[in-house]
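Quick notes on the structure that follows.
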Amino acid sequence: MGPVAPSSAQAVVAVVGPTGTGKSDLAVELALALDGEVVNADSMQFYRGMDIGTAKLTVPERRGVPHHLLDILDVREEASVSAFQAEARAAIRGIQARGKRAILAGGSGLYVRAALDVLEFPGTDPAVRARLEAEAEQVGIGVLARRLAAADPVSGARLRDARRIIRALEVLEVTGRPFSSYMPRREYALPAVQIGLDMDRSALHARLAARVDRMVDGGLLAEVRRLDAAGLREGKTASRALGYAQFLRVADGESTVEQAAEQTTVATRQFARRQATWFHADPRVHWLDALGPDLVANALGILEP
């Protein structure tokens, strides 16, 4: 027996799961059935011009359903989970104030949690961060990692990359609280129902490979070149996006289109596996087979009080 869904008719419906399972399409179908509007929770779909490589729905594919938080950032800007939290919750409040149903859609796990769950974000201090970055450059990140392990063993055991270690030490210094104390709890900040889409691994792998092929045929390399001219490499978030990082190497003459497509497919499979692990760890998600019959009807059935 699955988790019990909140009875509130205003509960946010979140469509989650691995990339390539059809979350965007189901969100549109649910919005049409429930008189709803969609709030994007895919961090790469925030970016203007990143359309082909993110599988962003075209305007006709949105079928008249209003979509929020698409195309809100320039590729040079860095996505912020805390900023998204405020914007997503404001969008949800606005949708509900209009008497509509809010449908959150996306596979960026932390962004989904930020929109739905009790999750606070510690403040920042650029001067403290700059000092820590300079120290890491001078003495090595290992020294800072050992300092973090002594002060915040939970974060010290969990964090490996330099950026996160520095952030954890910054939070400790700025707030006096360990970074681990800010970890999200599985507690909804507002009534919500999560519907997860997944499918057989081999079917998903074939689907992802076909999707990358469609992206290439649809002009992904031209899109990457256009965004490169607009400052894609300057963006810490956008430049790392699946497909874009690989096809920048094609633009530089360091890779062929075929090699980049294969690298993108492999990276996308790995990403889908991480997403599946993240969302399956949440017992509140109601799972559906993305390829099963009557998908929309089954999803609506989960939402019945």
Can you pull out the residues in the stretch 268-284 that are over 14 Å from Gly243 (Cβ atoms), over 12 Å from the mean Cα position of the chain (by Cα) and in contact (Cβ under 8 Å) with a residue 12 or more places away in the chain? Arg273, Ala276, His280, Asp282, Pro283, Arg284
Taking the stretch 31-50 and keeping only residues that are surrounded by fewer than 20 Cβ atoms within 10 Å (Cβ to Cβ) and closer than 24 Å to Arg214 by Cα, one is left with Arg48, Gly49
Just checking, which of Glu135, Glu87, Glu120 is over 23 Å from Gly235 (Cα atoms) and either crowded, with 19+ Cβ neighbours inside 10 Å or modelled with pLDDT of 95 or more (or both)? Glu135
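So that you can scan it fast, the table gives a plain yes or no per residue for (1) modelled with pLDDT under 95; (2) closer than 27 Å to Asp71 by Cβ; (3) of a type in the set (Asp, Glu):
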| position | (1), (2), (3) |
| --- | --- |
| Val212 | no, yes, no |
| Ala222 | no, yes, no |
| Thr237 | yes, yes, no |
| Phe247 | no, yes, no |
| Asp252 | no, yes, yes |
| Asp282 | no, no, yes |
Ala290 in contact with a Ser or Thr (Cβ under 8 Å, 6 or more places away or on another chain) and either hydrophobic (A, V, I, L, M, F, W, C) or at pLDDT below 95 (or both): yes
First in the stretch 231-250 and buried (at least 17 other Cβ atoms within 10 Å of the Cβ), second anywhere and assigned to a loop (DSSP other than H, G, I, E, B) and not polar (S, T, N, Q), Cβ under 6 Å, 6 or more apart: Leu232/Val75; Gly235/Val75; Gly235/Arg76; Thr237/Glu78; Thr237/Ala79; Ala238/Val75; Gly243/Gly53; Tyr244/Gly53
When the stretch 138-160 is examined, which residues are found to be under 25 Å from the mean Cα position of the chain (by Cα) and crowded, with 16+ Cβ neighbours inside 10 Å? Ser155, Gly156, Leu159
Got at least one residue in the stretch 38-54 being closer than 14 Å to Tyr111 by Cβ, in contact with a Lys or Arg (Cβ under 8 Å, 6 or more places away or on another chain) and either at pLDDT below 95 or outside the structural domain of Ala245 (by TED's automatic domain parsing) (or both)? no
Would you mind telling me which numbered condition in (1) under 27 Å from Ala241 (Cα atoms); (2) outside the structural domain of Glu29 (by TED's automatic domain parsing) Ile103 fails? (2)
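The values are calculated or read from the model by the stated rules, or taken from the named source; none is laboratory data. The structure presented is a predicted model; accordingly, all values stated were derived computationally and were not measured. Here Cβ is always computed from backbone atoms with ideal geometry, including for glycine, and neighbour counts include all displayed protein chains.
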